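In what follows, a single structure is set out as structure tokens and then discussed.
The values are calculated or read from the model by the stated rules, or taken from the named source; none is laboratory data. Just so you know, these numbers come straight off a predicted model, no measurement behind them. Every residue, glycine as well, gets a Cβ built from its backbone with ideal geometry; the counts of neighbours run over all protein chains shown.
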Amino acid sequence: MSRVLGIVATLVVVVGIAPSAYADSVAITAGSASFYWDGDLTSFTISSADSQFFGEYYGSLPSGLTPGASVDFSTSIPVTNAGHHPLAETYRGLDFPEAWIAGSLTITAKPIVAPPANGKGSTFATLTTSFTMTGTVTAYATPQHSGTPLFTTEVTGQGRILVTYRTVGAAGVGGASGATLIFTDPDEK
């Protein structure tokens, strides 16, 4: 009888704790992410009051804008150690100085209309729009992402995306030369 009670107690603990641990979410209130025009290695740093996540990845944004057309800078940022070295992560106040991360950040940007071209190839300007972010960050002790994760959490956030572009004559707007996502606290106006 005590063995049955032990199994039932274990199931109650596992079933009772697992959903709350999985449902844990970190609301990002600060940080930034960037993209280079050529998709080169870049990084993100996002944080809340008790967590901070770093990642390195490759990525770029759309390479051409048509004046008067809708532009959507929505994208996905891979949560990786693309620089091939461990990264320091902090989750709920616990430091993990050498973590290997996995996951994805989905950026949903508010579409905007591309401005008219106004230059001869040497004029740079910045477009800006708002975005929301959802994603998952999982950290491991090994580069193979093997074994039990050090932690896994969902993340949510919002902010502004700033895209620098170059105009090309009067006919079109050239590709983005870079972009920065600035994460902001939803409670600050």
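With respect to being in contact with a Ser or Thr (Cβ under 9 Å, 6 or more places away or on another chain), exposed (fewer than 14 other Cβ atoms within 10 Å of the Cβ) and modelled with pLDDT of 95 or more, Gly93 fits the description.
Looking at region 53-90, which of its residues are of a type outside the set (Asp, Glu), under 29 Å from Thr126 (Cβ atoms) and crowded, with 18+ Cβ neighbours inside 10 Å? Result: Phe53, Phe54, Gly55, Tyr57, Gly59, Leu61, Leu65, Val71, Phe73, Thr75, Ile77, Val79. Looking at region 69-120, the strands (runs of 3 or more DSSP E) lying wholly inside it that each contain 1 or more residues that are farther than 19 Å from Pro149 by Cα sit at 75-78, 94-109.
Within region 41-54, is even one residue at pLDDT 95 or above, out of contact with any strand residue (DSSP E or B) (no Cβ under 8 Å at 6 or more places or on another chain) and not in a helix (DSSP H, G or I)? Yes; the residues of region 41-54 include at least one that is at pLDDT 95 or above, out of contact with any strand residue (DSSP E or B) (no Cβ under 8 Å at 6 or more places or on another chain) and not in a helix (DSSP H, G or I). Name the single residue, out of those in region 114-124 being surrounded by 13 or more Cβ atoms within 10 Å (Cβ to Cβ) and touching a Gly at 6+ places or on another chain (Cβ under 8 Å), that is modelled with the lowest pLDDT. Among residues in region 114-124 that are surrounded by 13 or more Cβ atoms within 10 Å (Cβ to Cβ) and touching a Gly at 6+ places or on another chain (Cβ under 8 Å), the one modelled with the lowest pLDDT is Gly119.
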